[in-house]
Structure formats: C-alpha cells, structure tokens
1. In nm, to one decimal, how far is the Lys56 label point from the Met41 one, both placed 7 Å along Cα→Cβ?
2. Arranged by the count of other C-beta atoms within 10 angstrom, fewest first, what order do Phe89, Phe129, Phe137 take?
3. For Kirkwood radius over Cα pairs in Å, several values are listed as (1) 18.6; (2) 18.2; (3) 16.5; flag the one computed from this structure.
4. When a/c is below 1.5 the answer is rounded, else prolate if a/b is larger than b/c, else oblate, so apply that to the range 58-140 with a ≥ b ≥ c taken from the square roots of the Cα gyration tensor eigenvalues.
5. Kyte-Doolittle mean at least 1.6 and Cα extent at least 24 Å along the axis: which DSSP H helices of the chain qualify?
6. With +1 on the Cβ of every Lys and Arg and -1 on the Cβ of every Asp and Glu, and nothing else charged, how large is the dipole of the chain about its Cα centre, in debye rounded to the nearest 20?
7. Name the residue farthest towards the positive end of the dipole of the range 3-162 from the options Gly121, Tyr75, Met22, assuming +1 on Cβ of Lys and Arg, -1 on Cβ of Asp and Glu, about the Cα centre.
8. By how many nm would the segment from Ala118 to Asp95 lengthen if fully extended, with 0.36 nm per residue of separation less the alpha-carbon distance?
Amino acid sequence: MTNTNLLTRIRILMIVFVLLLMLSGITAFPVYTEMKWIMDMQIFNMSTPLSAWMQKVWTGVQATNEHYDFMFYGYDWMAFAHIIIGLAFIGPYRDPIRNKWIIDWAMIACVAVLPLAAIAGPIRHIPWFHILIDCSFGVIGIIPLLIVRKWIGQLEKMNEQTHK
C-alpha cells in the first residue's frame, strides 16, 4: 500500500467518524419535534420497559417544552459541542501524523463514556437498556479510531523509511 492510499483511507474514515459524531449531536436540536414525531407514530404503545421509558421521556419533554422551554438551551449547547468536537478532526485529516494526539484524545473520550454512563445513569434514574445504548457510543466510536490510529502508525513508518 502506498502513502497516498493509506492517507486516503485515513481521511475517509475520519470523514465518516466526524459525520456520525456531528449527526449524533445535531439530533439534540429538535428533541421536542423528534419525540413528538416518534410518539405520533405510535411505535411504543406496547407494554414493554422500552415503551414505558419512551412514554416517560415524552411526558418530560412535553412538560419541559410547555413550562420550561429554556431548558432545551442545554441541548443546543450539547449539539454545538458535538459540532465543535468534530471540527477538531480537521487536524488529523490534514496531517494525521502530526495530529495523532487528537485520535488518542478521542479514544480516551470514548472510554470515558463508560464510567459516565455507569455512574450518572443510575443517579438520573436512567434504565439499564438506555445506559447500554449510551455506552455503545464509546464502544462503537473507538473502533474506527483504533483503526485510524493503526493506519497513522503505518503511515509514520512509511514516511520514516522514505526519509532515510
């Protein structure tokens, strides 16, 4: 594999990762509209723990929207943070070797999702299945980062051999 091919692979995987990261955050902007749409579809009318949870979430979102709509400003900031974090990956996109520390930082963030969800989830009375979903963001997110980190190491070795 050539330097160019490896760099292209790194960049493609970075683009996919950043798009998914930003998408996961951007969906927080219209939380009321999304929840209303989901509940209007009547998918969660069964008597399951998931259905009960979705109804509870909808009740909270509805009441917040009606009486405390300013609270959604926190969702706006969370979405904004996802966008800004995604922009940090411009560095590894442009120069993966020089900016590999951003990949390392992102992997640490993925691992940090696990204790946050495990600690804050029960404190906030989040059901276990939702905590697992939250944990999956860290577990799934670290996979492309590990691959990119490996490829950056290979690119680094190729560049060292070229400069000898």
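Each value in this text was obtained by applying a stated rule to the coordinates, not by laboratory testing. Since the structure is predicted, the reported quantities are computational estimates derived from the model, not experimental observations. For neighbour counting, all protein chains shown are included, and Cβ atoms are generated from backbone atoms with ideal geometry for every residue, glycine included.
1. 2.2 nm
2. Lowest count first: Phe129, Phe137, Phe89.
3. (2)
4. Oblate, since a/c reaches 1.5 and b/c is not below a/b.
5. Span-like helices here: 3-26, 100-123.
6. 740 debye
7. Met22
8. 4.8 nm
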